[in-house]
Amino acid sequence: MNHDRTEPIRIGRIDYTNVWPVFHYFDPAQLRCAPKQVQGMPAQLNRQLREGAIDMAAVSSFAYGLNSEDYVLLPDLSVSARGPVQSILLFLKSPLETVLDGGRIAMTTTSATSVNLLKILMEKFHGGHPLYENAEPDLDAMLERANAALLIGDHAIRASWRNHGYQVIDVSDSWYRYTGMWMTFAVWAVRKETAAGRSAEVREIYDAFVESKRRSRLDIRPVIEHALRTVGGTEAYWKGYFGGLSHDFGDGHREGLSLFFKYARELGYMERDVRIEEWSPAGPIATPASPPQ
């Protein structure tokens, strides 16, 4: 789908708390190019970016991998973790051994990255062969007919606060325990024709994202207060949650994402190898230095 250059650039925003630090101070109305922001679930934005209905978006890493030949990544922006992420959780009604040996896992379909990370965990790391089925993100309903349930995002966060009695596995933490590497769940992708044809506008948008990330890093309290108002929970929880996330994308993040793509390819969930390509704007990129890890 071709997009008229006189129309505003359309930016997809995942409606999840994990991207808030990059979006909190991002105000399209304050930019000269006046982009249009489109909110949606990851699977919806993945499809819109693939079809050219939007021009750039925070999208799931797996969706980027499937269509990487059409996209470039905005540098040093991601949703990543090295250890627990607290929002991609596998709830077990039965022992893990039962799940691995032909057990049934109900999975939300809202994020292809989380679903395929779980499959890598179950099949490559544990050598299991569970059955997967798609389900609406309702923990009780999922576990009525399955041995385990995968929830992500705010559904996982809210379920983790309940006194449900299930064993819970943080899928991101499992990835780190097996690989020692970062796991990148979302990236900021731009369609190549937009990056090439509207580079000045992309640069202005990119700089605004970087500035929002910088301000959130300096003081995360406004983001925490917004989470308390809209999602609930405690200040201590959200401080730990946002503290466990990285919104950078450096060499370690790239290596971890490349390994994720390699395993997905080996298991047959990707048809081809992925070459991670980042956008290179004219002039230096004013990206703030990352804190020591």
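The values are calculated or read from the model by the stated rules, or taken from the named source; none is laboratory data. Not measured: the values here are computed from a predicted model. Glycine gets a Cβ as well: all are built from the backbone with ideal geometry, and neighbour counts include every protein chain shown.
Structural remarks
- Going through (1) assigned to a helix (DSSP H, G or I); (2) under 25 Å from Leu92 (Cα atoms); (3) in contact with a helix residue (DSSP H, G or I) (Cβ under 7 Å, 6 or more places away or on another chain) one by one, Phe185 falls short only on (1).
- The set of residues from region 181-215 being within 21 Å of Ile14 (Cβ to Cβ), of a type in the set (S, T, N, Q) and over 18 Å from the mean Cα position of the chain (by Cα) comprises just one member, Thr194.
- For region 262-288, filtering for residues that are of a type in the set (A, V, I, L, M, F, W, C) and either under 22 Å from the mean Cα position of the chain (by Cα) or modelled with pLDDT of 95 or more (or both) leaves 6.
- Among the candidates Ile205, Ile157, Ile224, the residue that is in a helix (DSSP H, G or I) and in the same structural domain as Met122 (by TED's automatic domain parsing) is uniquely Ile157.
- When Ala43 is tested against (1) surrounded by fewer than 19 Cβ atoms within 10 Å (Cβ to Cβ); (2) hydrophobic (A, V, I, L, M, F, W, C); (3) over 25 Å from Glu271 (Cβ atoms), just one condition goes unmet, and that condition is (3).
- Unmet criterion (only one of (1) under 23 Å from Thr230 (Cβ atoms); (2) modelled with pLDDT of 95 or more) for Asn163: (2)
- All positions within region 87-128 that are closer than 22 Å to Leu259 by Cβ and assigned to a loop (DSSP other than H, G, I, E, B): Ser87, Ser111, His126, Gly127, Gly128
- Lone unmet requirement of (1) in contact with a Leu (Cβ under 9 Å, 6 or more places away or on another chain); (2) surrounded by 14 or more Cβ atoms within 10 Å (Cβ to Cβ) for Gly233: (1)
- The residue that is surrounded by the most Cβ atoms within 10 Å (Cβ to Cβ), among those in region 157-173 that are of a type in the set (Gly, Ala, Ser) and within 22 Å of Asn116 (Cα to Cα), is Ser172.
- Considering region 139-156, and only residues there that are in contact (Cβ under 8 Å) with a residue 12 or more places away in the chain and more than 20 Å from Leu121 (Cβ to Cβ), the residue that is surrounded by the fewest Cβ atoms within 10 Å (Cβ to Cβ) turns out to be Arg145.
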